[in-house]
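Working notes for the structure below.
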Amino acid sequence: KILIEGMSCGHCVNHVYEALDEIRATDIKVSLEEGNAIAEVGDITDDAIKEAIEDAGYDVLGIEEA
């Protein structure tokens, strides 16, 4: 579970989804209402996840096991 700040619309959800898809996360679900994304990340590091989302223009508040 990735806690994300800065998403305000459907386009934001798409940007976060695409950022996670680019780093090969799977089973991605992004929730605007809950301000988070849930994805299967395998061996992708937390730093890589954070960098991908921040490069898309959003802040990562935390990453936790779902």
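Values in this text are rule-based calculations from the coordinates and carry no lab data. What you are looking at is a predicted structure, and each value in this text was computed from that prediction instead of being measured. Here the Cβ positions follow ideal geometry from the backbone for every residue, glycine too, while neighbour counts run over all protein chains shown.
Descriptive notes on the structure:
- Against the chain, whose longest principal axis is taken from its Cα atoms, helix 46-55 shows a tilt of about 30°.
- For the chain, modelled as a GNM whose springs connect Cα atoms under 10 angstrom apart, the maximal fluctuation among Glu54, Glu33, Glu18 occurs at Glu33.
- With Cα atoms, 0 to 90° folded angle of helix 10-22 axis to the chain main axis: 10
- Hull volume in cubic angstrom per residue (convex hull over the Cα atoms of the chain): 70
- Efficiency of FRET between Thr45 and Asp21 - r from beta-carbon atoms, R0 22 angstrom, step 0.05: 0.85
- Theoretical ellipticity at 222 nm over the chain - DSSP helices of four or more residues, -39500 (n - 2.57) apiece, nearest 500: -10500 deg cm²/dmol
- Here the label points at Glu5 and Leu32, each 7 Å from Cα along the C-beta direction, are separated by 2.1 nm in the simple model.
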